[in-house]
Amino acid sequence: MKALQALIFDVDGTLADTERDGHRPAFNAAFADAGLDWYWDEALYGELLAVTGGKERMRFFCERYAPDFLKRPDADERIKALHAAKTAHYVRIVESGALPLRPGVARLIAEARQAGIRLAIATTTSPENVEVLLRASLAPDAMQWFEVIGAGDAAAKKKKPAPDVYLWVLERLGLPASACLALEDSENGIRSSRAAGIPTLITESEYTRGQDFSGALAVLPDLAATTLAEIRNIFDKSLSSA
Ligand code: XBP
Ligand code: MG
């Protein structure tokens, strides 16, 4: 039986609840800066989360609610500029300490480091956002704890639910999917990790509760009560029943 060798963490919703009070207000601030009258309230944002990636999400919003914006010849550049402004706002929000890690996350990461389990990240969000969250909410040098960080456009031609980002991370870890465990919070996330063949544990988050998590090893409310020993147990059981 293969032992667990690496944990691959999703970021948004898994490491921290970043969407409602992080990404959402950052998008809204960028829209206001640009003089747009777009405002994404909590309910609308829940709908827009069907699409991962900030630029892709804005385009999806425009298709549904602001189709004229996409008719402009410079629509792509404007979306890119809005996204850069949104990232700057998001970084500022995270630096303020507004987005703590979810329960049990820091403890599990510490246990894994202690046990020599390798760590990686597979996320749709931009690299700057990963860096600031790790630095502000985990530890100043936490970026170095993760051997591979797959984030944003560089790691995936197609964002989650496509498997690209997980395949990119597996290749760089030099590990087979079956030696890794992905930690995810969303249906798009688990579709991506499972399409890459990786056993996956779900911690539901505020926007993803009740989604379809078919194929998950387990669906937990959070990691508060889940030790590394427990995670190894869940992982080993899945291999012996595979
Ligand atoms: C994360 C996302 C991202 C963020 C925004 O999904 O969907 O799009 O909301 O990030 P996952 P950017 O947790 O499945 O990786 O604006 O930087 O794209
Ligand atoms: Mg997520």
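Laboratory data are not the source of any read-out in this text; all were calculated from the coordinates shown. Quantities reported herein were computed from a predicted structural model and do not represent experimental measurements. Cβ atoms come from the backbone with ideal geometry, glycine included; neighbour counts cover every protein chain shown.
Quick rundown of the values:
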quantity	calculated
Residues being within 30 Å of Ala84 (Cα to Cα) and out of contact with any helix residue (DSSP H, G or I) (no Cβ under 6 Å at 6 or more places or on another chain) - total across the range 110-120	0
Residue in the range 1-50 that is surrounded by the fewest Cβ atoms within 10 Å (Cβ to Cβ), counting only those that are polar (S, T, N, Q) and within 16 Å of ligand 2 (Cβ to nearest atom)	Thr18
Counted residues, the range 173-218 - those being away from ligand 1 (no atom under 13 Å from the Cβ), of a type in the set (A, V, I, L, M) and touching a residue at least 60 places away in the same chain (Cβ under 8 Å)	5
